[in-house]
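Following: one structure in structure tokens, then a few remarks.
Readers should treat all values here as calculations from the given coordinates under stated rules, not as data from a laboratory. Computed from a predicted structure; not experimentally measured. Quick reminder, even Gly has a Cβ in these numbers, built from the backbone with ideal geometry, and neighbours come from all protein chains shown.
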């Protein structure tokens, strides 16, 4: 156990080549790094509107503070946890407007983080963990750099992004782009895109339980809730980052360029500890269970936990007591094997 340090800085990466073959002169990647500097590294990959502030501090807790911290399921007394704000994000990393590119892919997000880790002097990590868009990155980490980590934890994700999920992203992107075209800004469009997203992130049971058709002054509580969520995101997020990352998600497919899904899953070398959440509309847990079985049938090591919840996709951001122990146990088993 060492001294827990807290660091938020950025890494400068010159002359980075994207998967399309395009070159970017300079990239900034902002990061948060928490824990003893000599401890094993856990790389966390964030979701669409997430950022590098996974752990945060007491006055401003991070988005996974219920999972990670001193004495928590991922204990920062024994691990150092590192999260980058993704390329194209808007919390200190290079935003789309500053980059000259045709498109980004999940593999670009992984590659640029790999370069940044090397610049920071990190050449191996204990595990790579993430949910949703973060889970897409986790799956790619296991394929692009299979010897770089001891295990991967893909959470609330599927091996490829479905047509159903792409359809919701299309509507959200149209809302933003039409607002930009008509008004020159995207406050309303981004707000609407967020509302669309919130419907897909939560389950019908949760909406019914939480709102129960309640209303105040003729407006339904659920409508007020969606308005609030839309306005809140529009104040803090870049619409160009939002549409760029929607496109990144749409392109997610581990089989692309690898001979298809069956060929791709044979390339995983490290243990896979996957989590799925009941009632996840975008990433059905049944698909992740199938993925785990398929990996097992190819001779790979994989385990799966399905979390019982009414939160749906957003289950990976709440109720840590239901699935945090799974991650804690699997990380401990990796440490025990190393010893």
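At-a-glance table
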quantity	calculated
Cα convex hull volume per residue for the stretch 163-249 (Å³)	103
Per-peptide average of other Cβ atoms within 10 Å, ordering 144-150, 254-260, 72-78 highest first	72-78, 144-150, 254-260
Length-normalised contact order of the stretch 229-339 in % [C-alpha pairs under 8 Å, at least 6 apart]	21
Cα centroid separation, the stretch 114-139 to the stretch 280-339 (Å)	18
For the stretch 1-68 and the stretch 180-206, distance of Cα centres in Å	26
Within the stretch 216-237: backbone nitrogen closer than 12 Å to the residue 183 label point (7 Å, Cα to C-beta)	231, 234-235
Nitroxide proxy distance, nm - points 7 Å out along Cα→Cβ at residue 144 and residue 103	1.6
Å³ per residue enclosed by the Cα convex hull of the stretch 173-319	137
Rg/Rh for the stretch 234-329, where both radii come from Cα atoms and Rh is the Kirkwood radius	1.03
Highest average packing first - 6-17, 183-194, 125-136, Cβ atoms within 10 Å	125-136, 183-194, 6-17
Segment residue 308-residue 216, extension gain: residue separation times 0.36 nm, minus the distance between their alpha carbons	29.9 nm
In nm, spacing of pseudo-spin labels at residue 208 and residue 9 (7 Å Cα→C-beta vector)	5.3
The chain - percent relative contact order, Cα under 8 Å, separation 6 or more	17
Coarse-grained scattering of the stretch 1-151 at q = 0.08, 0.18, 0.20 Å⁻¹, given as base-10 log I(q)/I(0) from a Debye sum over alpha-carbon atoms	-0.20, -1.04, -1.29
Length-normalised contact order of the stretch 163-249 in % [C-alpha pairs under 8 Å, at least 6 apart]	31
Sites residue 224 and residue 28 - FRET efficiency at Förster radius 25 Å, r taken between beta-carbons, to 0.05	0.10
Segments 32-45, 94-107 sorted - mean Cβ within 10 Å per residue, highest first	32-45, 94-107
